[in-house]
Every structure is written in structure tokens, then in C-alpha cells.
Amino acid sequence: MELDREKLLEMYRKMVTIRRFEEKVAELNARGVFPGLAHLYIGEEAVAVGACSALRADDLITSTHRGHGHCIAKGCDLKPMMAELLGRYTGYCKGKGGSMHICDFDRGILGANGIVGSNIPIAAGAALGIKMMRQDRVVLCFFGDGASNGGSFHEGLNFASIWKLPVVFVCEHNMYAISMPTKKSTSVANIADRASAYGMPGEVVDGQDVLAVYEAARRAVARARRGDGPSLLECKTYRFRGHHEGDPGRGTTYRSREEMELWEARCPIRLFKAKLAQMGILDEELAKGIEEEVSRAIEEAVEFAMASPFPPLESALEDVYA
Amino acid sequence: MSSREITYAEAIREALREEMARDERVFILGEDVGVFGGIFGVTKGLLAEFGEERVRDTPISELGIIGLSVGAAAVGMRPVPEIMFADLLPLCMEQIVNQAAKMHYMFGGKIKIPITIRVPQGAGRRTAAQHSQCLDAWFVHVPGLKVVAPSTPYDAKGLLKASIRDDNPVIFFEHKMLYRMRGPVPEGEYLIPLGRADVKREGSDATIVATSLMVHRALEAAAELAGEGISVEVIDPRTLSPLDRGAILGSVRKTGRLIIAEEACRTGGFGAEVAAIAAEEAIDALDAPIRRVAAFDVPIPFSPPLEDYVIPDKKRIIEAVRSVV
Ligand SMILES: Cc1ncc(C[n+]2csc(CCOP(=O)(O)OP(=O)(O)O)c2C)c(N)n1
Ligand SMILES: [Mg+2]
């Protein structure tokens, strides 16, 4: 896949969309309109957009509790997504799932998961199904650093490796699992180091650099599609907000302001914008146009969601069985 | 003993602090229990007081947390692991059900596994199907485990202290929506023995056996029904296993009517067990069919109106009582 001007601008637009979408969620949460927990993706946009840009429309992703960015990057519709977040009947899951459980099968979003790590063997299983059906699709699995310490990670990677499954494991290493720093929770310095235990390539990637993520993902996806098996990419990144919106001081009980500022200085959107400007692809005027277009789309999504009804009570009893 | 009011979370923290001070074999491990003070703030301050050795932040490894607790208990420690949400108990079922619950029996009584697994459960926070379940009944079905579910700060403190001193594995279910509830807790030390129910309200026309958060819904229902001249007795078993059958049967013999209120879904639930006990041992005393008030048999939906619809409330308890008196 060549990164032409149009594709690069599309990547930029998606990153901005994720950022503005999440800011809107934060605002709705602060206003008390947003029910439940909001785990925002702000700061990590380059990972989802870089990785999903290496996928075809018919490829699949599995997502996490911090999944809004993955879904937007994979191309989901903002309207049913916002409606789902606000518990409306027009939402992706008819209001039954909420923020942690967005699913859009048509766009290859196999579902976001509230149980840390559980999407990893599911991704390997989806890859197994694809392989058995002789399709050439690829599954890309997002998960956090915290997830890499659970059994699901280790079992999922082993299976993917022994059966050479077309799956790419993308670890979003944002340095913490809630308050737990990776250096205290994890036996290796780089999560990518664990790949060698499962006989697959492991690569550490700058998760603030969307083009670096894209390049690494492109290679891993190509390898998976060729039938050569899985890869593990570790994208070093940082969440700019708290674990969820209720996390006091955006996480200052367990991390320092200095550390936060160091990472904020490497805002993935700002970095990409500068790069695109340097390449002569993006100027202030075009950037402003994109901002306006994105805000409009998000406002429309909020209006759509707010105007949508809550689900009828009887619907709570539907969909238990297929 | 002077009296004062503290929250359910504070009562649990006091029990932990007192038991850790009393017995150095007692230690805490779990996700975010140290620096962060626990996802619901229950263990706040304990790291500063007892240090990293005895308040251990762990990786996200529920199976490991319980497996390590079982091993440490087997050699003489008294771990108090915290599992962040009841919905994560399925991840450590193997260690709880096949190991902790069975080792004493299977090894002919040679090994004791004194662990107390603290775990919040319950709906009401709009966190959908994977973060809202009540799974207490599952563990009642496992011989070798004790299951505790306090509904007040007073009970939480006395029962947790007794659980930690118990030589068996105990699953201690806290309710998320009760952490901020205040209630009287005496300053001095006290224990509440496992296996003893509490009459939360006396009455003569009907018995409601309610657990955890539903105790409060049942008390609200009883207060409203009193205005209609219906006198309801509310029994809180407090420990679901071992169960205080005597207290339940005694109340049923007195009132002749039994309603069970539980937050978990209905089929195969704790209410079914209580109903079976009453049917087996006090059918002669029953003047009306037994009624169960429980969640509908569905996963917990996210959307607020749906969640409120699925979980039993005061109104459904009142209707159940009215239908039999
Ligand atoms: C198996 C499991 N354990 C614990 C939790 C509670 N929990 C939700 S998110 C989270 C931290 C996850 O950390 P990480 O995988 O690094 O993802 P991040 O939140 O940093 O994006 C925890 C402990 C859970 N949902 N599932
Ligand atoms: Mg993390």
C-alpha cells in the first residue's frame, strides 16, 4: 500500500477525529451525560491509525476497554458509535454494550472487550477461522502492556505461532496498567522481547510516530497475509488522560507531572502535522479545514445520539440467544 | 464501646488494618491495591502503614493472584487477595474451585488454605455485561468454600475479621453500591461468626430473605408495606455458605410466607437454594407459594433504563410480597 497524499491526509484526519471525539466524550462525561466509564485514547492516536491504515477494509480488529480510537481508525460510523456510548437504541449494540463494547462487524470490528487480555486468544481464533476458510484476511489485535502479563496473552501467542495464524499482535505500551508501571509488573524491558519465547518476530516501535507504526504494521500484515504467521509489535506510547475520566489528577497519584509533560511534548498529532507540513502536504489552511470538517461530524454524531431514544425496556430481554 | 458512623469501605479497611496489625502472616495482594489504594479506594493508606512487603501491587494476573495466595496459605501465610471485580472471578476459577476449595479435603485434612478473597460485585454503575455481575451463588455450589456477603458497615467489619481468622478459603463479596454507605460501627474489636444470619427487621406476616444490596431494597419495601398494615420480617443471611438455615426456617414458621430477594439472575440462583430448604423443611408452615425476586435471566445491559429494569428494585419486592399476603 503506497502512502500517497490522499492516504496521508486521511490518516491525519482520522487522528484528529479520534482526538476531538475523545475530547467530546470527556466533556459529556463532565456534564454527567455520559453513563459509565470513559477510558480515553488521547495521546495514543498514532497507534490505532498507523496500524489500521495497514489493513484492508475486510481485515479484522479486536479491541479493548480503551477502544474508541481503534474503532474510529478502522472506519466505524461516528453516529451509531456516539449513540452507543450514550446508551441509545440507535447505537451499534442497541445500547446494550456501551463504551467498552463497540462492535461493527461490517467494518471488521470484531468487538471491544472489557476483560483485559481476553481479546488476544479470540483474535488468534478469528485468524484460525480465516485460515480454515482459505481466506486471505488478517486479524490485528490491540491490547495494553498490562494485558501482556495474563495467561491469555501467552496462550494466544503460542497458538498463533504453532499454527502460523494470520494475526498481528499490537501492544499499546502506555507505561501503566491503571496505576501499575510496567517496570514493576513485567519481567522484560520490552514487551516485544516476549515474541522470541513464541518464535515470532517482535519489534519495538515509536508509538507517537504514525508513519513508523504504519511501516511496522505493513510488514507484519504482509507476513501474516503471506501465510508466514504472527508478529508482535510493541508501540511505546502514553495516555494523556487518566486511566478513565474519574482517575484523580489524570493519574498523578502514580505518575509525575514531569513525565506527563515530557510525553505531551510528543503529541502524535502535532508530530504528524509538522511532518506533513515539511512534506508540503498540509498547510494551516488545509489543517483548519480538516478541523472544521471533523468538529462538524462530531457535533452531528452528538446531535444524532441525543435525539435518539433510549431502548424500549422489553429489548433488555432480547438477544440473549441467537 | 462508643458508637460512631463510618462507611462500608472504611469498615473494611479497619478490619484489614486491625487484622494485619494483629497477625503478621496476614498480607494483601491485588491489582492497584497499593499506590492507588484499590479501584474503590478500600485499601487506601495501607501501603504507607504496612509497606510493600505486605501490601503487594500485582500484574493483571487473576489466576496468578489466587494461585500464589493458595501456595502462600499452604505454607502458613494468611493472604487477603483482592480481585478487582467479581466479573474477573471466572479468570481464577481454577485456583478457587479445584485448588483452594479442595486441598484440605483431598489431602486428608493435612493442609489448610486460609485465604480471604475480597471482591466487589453488583450492578448500578452503568458498566455493562462484563463489569456488573453478582456471582456469589456460583461459589455456594462449591463444598470447601465459605461465601460471605455483608450488607452494612457493621457486618462488613465483623465478618471480614472473622473471615481472615477462618482456616478455610472465604470469598468475601462486597457490593460496589454500598462502599459509601454509612452506618454505626463500634470503636472496639468485635467479630461476627460466619454462618449466622441477622434479622434486619422483625415482622409477622411475611419473611423476606435478602442478600447484599437487596437487604436495603427489602427494608425499603418493608417500610412501605408497613404503611399498608403488612408486617414484613427481613432476614440477611450474611454468610451464604455456610447458611444459617435455622434462622430462615424459624422466621418462615413464624410468618408462613417466604420471599427471597437477590440481585443475581434468577435461574439456578441462591434464591432457589433458600426456596428448596423451605420447601423441604417447612412446607407445612407455608401459607402461600414461595416467591423469588431476582434479576431477569440476561447479561447486564449498559443503557441506564435497561440496567434499572433488569435489576430488582423496591417495587418488584413489594409486588412479590403483596402477591402472597
Ligand atoms: C482481566 C482483567 N483484570 C482487570 C481488569 C480491570 N482493568 C481494566 S483496564 C485495566 C488496566 C489495563 O492496562 P493495559 O492493558 O496496560 O491497558 P491500558 O488501560 O493501559 O490501555 C485493568 C486492570 C479487567 N478489566 N480485566
Ligand atoms: Mg497500559
Revision key, fill the gap. Subset of region A:184-212, residues closer than 14 Å to A:Phe169 by Cβ and more than 16 Å from ligand 2 (Cβ to nearest atom), comes to A:Asp193, A:Ala195, A:Ser196, A:Ala197, A:Tyr198, A:Gly199, A:Met200, A:Pro201, A:Gly202, A:Glu203
Exercise for review: Run down A:Arg239, A:Arg219 and say which single residue is outside any loop (DSSP other than H, G, I, E, B) and either more than 14 Å from chain B (Cβ to nearest Cβ) or within 17 Å of A:Cys141 (Cβ to Cβ) (or both).
Suggested key: A:Arg219
Review point. Any idea which residue in region A:191-243 is nearest to A:Arg66 (Cα to Cα), counting only those that are open to solvent by 40 Å² or more (accessible area, probe 1.4 Å) and in contact with a Leu (Cβ under 6 Å, 6 or more places away or on another chain)?
Key: A:Arg241
Check your understanding: Is at least one residue of region A:88-97 within 12 Å of chain B (Cβ to nearest Cβ), surrounded by fewer than 22 Cβ atoms within 10 Å (Cβ to Cβ), touching a strand residue (DSSP E or B) at 6+ places or on another chain (Cβ under 8 Å) and of a type outside the set (Lys, Arg)?
Key -> no
Practice item. From (1) more than 14 Å from ligand 1 (Cβ to nearest atom); (2) closer than 11 Å to A:Leu60 by Cβ, pick out the condition that doesn't hold for A:Met133. Key: (2)
**Study point:** Check on B:Ile317, away from chain A (no Cβ under 14 Å), part of a strand (DSSP E or B) and crowded, with 24+ Cβ neighbours inside 10 Å
**Key:** no
Exercise for review: May I ask you to list pairs of residues, at least six apart or on different chains, whose Cβ atoms are under 6 Å apart, with the first in region A:175-189 being within 7 Å of chain B (Cβ to nearest Cβ) and the second being aliphatic (A, V, I, L, M)?
Suggested key: A:Ala177/B:Ile60; A:Ser179/B:Val35
Review point. Could we say that A:Glu234 is away from chain B (no Cβ under 14 Å), touching a strand residue (DSSP E or B) at 6+ places or on another chain (Cβ under 8 Å) and of a type in the set (Asp, Glu) here?
Key: yes
Exercise for review: Could you grab me the full set of residues in region A:305-321 that are open to solvent by 70 Å² or more (accessible area, probe 1.4 Å) and more than 8 Å from every other protein chain (Cβ to nearest Cβ)?
Suggested key: A:Met306, A:Ala307, A:Pro309, A:Glu314, A:Glu318, A:Asp319, A:Tyr321
Review point. For region A:121-163, which residues satisfy the criterion of being among the β-branched types (Val, Ile, Thr) and either within 29 Å of B:Ile66 (Cβ to Cβ) or not in a strand (DSSP E or B) (or both)?
Key: A:Ile122, A:Ile130, A:Val138, A:Ile162
Study note, to complete from the structure: Checked A:Leu37, A:Leu3, A:Leu8, A:Leu28 against criteria (among the aliphatic types (A, V, I, L, M), away from ligand 1 (no atom under 16 Å from the Cβ) and open to solvent by 10 Å² or more (accessible area, probe 1.4 Å)); the one match is A:Leu3
Check your understanding: Name the residues in region A:154-181 that are surrounded by 24 or more Cβ atoms within 10 Å (Cβ to Cβ) and away from ligand 2 (no atom under 13 Å from the Cβ), would you?
Key -> A:Gly156, A:Leu157, A:Ala160, A:Leu165, A:Pro166, A:Val167, A:Val168, A:Phe169
Exercise for review: Could you tell me which of the residues B:Glu187, B:Glu174 is in contact with a Lys or Arg (Cβ under 7 Å, 6 or more places away or on another chain) and surrounded by fewer than 23 Cβ atoms within 10 Å (Cβ to Cβ)?
Suggested key: B:Glu187
Practice item. Please work out if B:Phe27 is more than 14 Å from chain A (Cβ to nearest Cβ), under 24 Å from the mean Cα position of the chain (by Cα) and not β-branched (Val, Ile, Thr). Key: yes
Exercise for review: Provide a single number: the residues in region A:1-59 that are in contact with a Ser or Thr (Cβ under 7 Å, 6 or more places away or on another chain) and of a type in the set (Asp, Glu).
Suggested key: 1
Check your understanding: Under the condition of being open to solvent by less than 10 Å² (accessible area, probe 1.4 Å) and within 16 Å of ligand 2 (Cβ to nearest atom), which residue from region A:113-145 is nearest to A:Asp228 (Cα to Cα)?
Key -> A:Cys141
Exercise for review: Collect the residues in region A:78-123 that are over 26 Å from A:Gly32 (Cβ atoms) and of a type in the set (A, V, I, L, M), keeping them in residue-number order.
Suggested key: A:Ile109, A:Leu110, A:Ile115, A:Val116, A:Ile120, A:Ile122, A:Ala123
Exercise for review: State which residue is farthest from A:Ile130 (Cα to Cα) when the search covers only region A:164-188 and only residues that are within 16 Å of ligand 1 (Cβ to nearest atom) and assigned to a loop (DSSP other than H, G, I, E, B).
Suggested key: A:Ser179
Practice item. Kindly list, by first and then second residue, each pair from a residue in region A:264-280 that is at pLDDT 95 or above to a residue that is among the hydroxyl-bearing types (Ser, Thr, Tyr), limited to pairs with Cβ atoms under 9 Å and residues at least 6 apart or on different chains. Key: A:Glu264/A:Tyr238; A:Arg266/A:Tyr238; A:Pro268/A:Thr237; A:Ile269/A:Tyr12; A:Phe272/A:Tyr12; A:Lys273/A:Tyr12; A:Leu276/A:Tyr12
Point to revise | All positions within region B:121-136 that are out of contact with any Cys (no Cβ under 9 Å at 6 or more places or on another chain) and away from chain A (no Cβ under 14 Å) | key: B:Asp136
Review point. If you go through region A:99-113 one residue at a time, how many are within 19 Å of A:Ala26 (Cα to Cα) and either part of a loop (DSSP other than H, G, I, E, B) or at the interface with chain B (Cβ under 7 Å from one of its Cβ atoms) (or both)?
Key: 3
Check your understanding: Does at least one position in region A:139-150 carry a residue that is free of Cβ contacts under 8 Å to residues at least 60 places away in the same chain, more than 11 Å from chain B (Cβ to nearest Cβ), more than 11 Å from ligand 1 (Cβ to nearest atom) and in contact with a helix residue (DSSP H, G or I) (Cβ under 9 Å, 6 or more places away or on another chain)?
Key -> no
Review point. Under 8 Å by Cβ, and 6 or more places apart or on different chains, what pairs join a residue from region A:29-54 that is within 14 Å of chain B (Cβ to nearest Cβ) with one that is within 12 Å of ligand 1 (Cβ to nearest atom) and open to solvent by 30 Å² or more (accessible area, probe 1.4 Å)?
Key: A:Leu37/A:His65; A:Leu37/A:His244; A:Ala38/A:His244; A:His39/A:His65; A:His39/A:His244
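The values are calculated or read from the model by the stated rules, or taken from the named source; none is laboratory data. The structure presented is a predicted model; accordingly, all values stated were derived computationally and were not measured. All Cβ positions, even for glycine, are placed from backbone atoms using ideal geometry, and neighbour counts span all protein chains on display. Surface areas here come from the heavy atoms of the whole protein model, side chains and all, with no ligands, DNA or RNA. Shrake-Rupley method; radii C 1.70, N 1.55, O 1.52, S 1.80 Å.
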